[in-house]
Amino acid sequence: MPELPEVETVKNTLRKNVIGKEIKEVKIYYPKIIRNLTPEEFREKLKGERIVEIDRRGKYLIFIFNNYILVSHLRMEGKYNLMQNEELSKHEHVVFEFTDGYNLRYHDVRKFGTMDLFPKMEITKLYKLAPLNKVAPDPFSSDFEFDSVYQKLKKANKPIKSALLDQTIVSGIGNIYVDEILFMSRIHPLEIAKNLSRDKVEEIINHSKVVLNKAISLGGTTIKSFTSSHSISGRFQNELLVHTKTSCPECSKEITKIKVGGRTSYICEDCQKMIDKTL
Ligand SMILES: [Zn+2]
């Protein structure tokens, strides 16, 4: 599943390639992807619109047009490809045809991706509407506030790993990266979030920025089917410390696989001990 660094990579690739392009026509082959409008309305509104900016909120891509804003989630396997006259694949469900002969195709084997179209508005207003109202700021957002995250974690009576994956607490930290962040912070993923000290939470947030920044600079992580637009493969998988690994890079002990909230988690049981409350 694409996570924040992969979506950031897609955003950067799209910015370079489609900003300024004007839509001649939109073709929709799988209408369920369009959620808040009928396919006819979606097509009609986007005709003649020009892409002026592309942004990201959590794992959502935000296409800003002259008069509309498109919010797109890739979910499991969605991707965008810029094409010309290539034959349409059965996995290409929405095609944005541009006036310059290029077309941007939304490709999604699993068909779980979503698109919502809104009239243009202040971006902070858009953040208050579904689906973005469920997405907390990520550690790089201009509206990210450490205290707000810390207070939410103080109330979270669940494993820290599950709390960090909860997009209403902090967005953009997915399953691969949370394992890396907790390993670097020497925290057991089953540790109850509300038991962590302010210093430990600060460590988690700092390591989140380090891990996500590094992943973004390497174009994300290629595991299974993720490729960004133009099939750029991420290289962060070569930098993983514990996720998918067999021995600890710190102490050489065997990495163990456990389940936390149903998600497979890789940990070093020596480096990531539960807090001893008897001390
Ligand atoms: Zn270790």
Only residues that are open to solvent by 30 Å² or more (accessible area, probe 1.4 Å), assigned to a loop (DSSP other than H, G, I, E, B) and at pLDDT 90 or above: list them for the stretch 201-256, please. Leu241, Thr244, Lys245, Thr246, Pro249, Glu250, Cys251, Ser252, Lys253
Filter the stretch 237-252 for residues that are touching a strand residue (DSSP E or B) at 6+ places or on another chain (Cβ under 8 Å) and without any contact (Cβ under 8 Å) to a residue 12 or more places away in the chain; the one that is farthest from the ligand (Cβ to nearest atom) is Thr246
Selection from the stretch 98-126 of residues that are open to solvent by less than 40 Å² (accessible area, probe 1.4 Å) and touching a residue at least 40 places away in the same chain (Cβ under 8 Å): Phe98, Leu104, Tyr106, Asp108, Gly113, Thr114, Met115, Asp116, Leu117, Phe118, Leu126
Please enumerate the residues belonging to the stretch 1-33 that are open to solvent by less than 10 Å² (accessible area, probe 1.4 Å) and either farther than 18 Å from Tyr60 by Cβ or modelled with pLDDT of 95 or more (or both). Val18, Ile23, Val26, Ile33
Is it the case that Gly58 is surrounded by fewer than 14 Cβ atoms within 10 Å (Cβ to Cβ) and outside the structural domain of Gln167 (by TED's automatic domain parsing)? no
Hey, Lys259 within 16 Å of the ligand (Cβ to nearest atom) and open to solvent by 70 Å² or more (accessible area, probe 1.4 Å) or not: no
Inside the stretch 89-110, can you point out the residues that are at pLDDT 95 or above and of a type in the set (A, V, I, L, M, F, W, C)? Val94, Val95, Phe96, Phe98, Leu104
Checking Lys273 against (1) closer than 26 Å to Glu77 by Cβ; (2) in a loop (DSSP other than H, G, I, E, B), which test does it fail? (1)
Somewhere in the stretch 266-276, is a residue touching a Phe, Trp or Tyr at 6+ places or on another chain (Cβ under 7 Å), modelled with pLDDT of 95 or more, open to solvent by 60 Å² or more (accessible area, probe 1.4 Å) and within 16 Å of the ligand (Cβ to nearest atom)? no
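Does at least one position in the stretch 78-85 carry a residue that is under 30 Å from Ile173 (Cα atoms), aromatic (Phe, Trp, Tyr), surrounded by 18 or more Cβ atoms within 10 Å (Cβ to Cβ) and at pLDDT below 95?
Yes.
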Have a look at Pro137, Pro131 and point out the one that is surrounded by 13 or more Cβ atoms within 10 Å (Cβ to Cβ) and over 23 Å from Val18 (Cβ atoms). Pro137
Under 6 Å by Cβ, and 6 or more places apart or on different chains, what pairs join a residue from the stretch 13-37 that is within 17 Å of Phe65 (Cβ to Cβ) and in a helix (DSSP H, G or I) with one that is open to solvent by less than 20 Å² (accessible area, probe 1.4 Å) and not small (Gly, Ala, Ser)? Leu14/Ile54; Arg15/Ile54; Val18/Ile51; Val18/Leu104
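The values are calculated or read from the model by the stated rules, or taken from the named source; none is laboratory data. This structure is a prediction, so every number in the text was calculated from the model and none was measured. With ideal geometry, Cβ positions are generated from the backbone for all residues, glycine too; neighbour counts draw on all protein chains shown. Note: areas computed on protein heavy atoms with side chains; ligands, DNA, RNA excluded. Shrake-Rupley method; radii C 1.70, N 1.55, O 1.52, S 1.80 Å.
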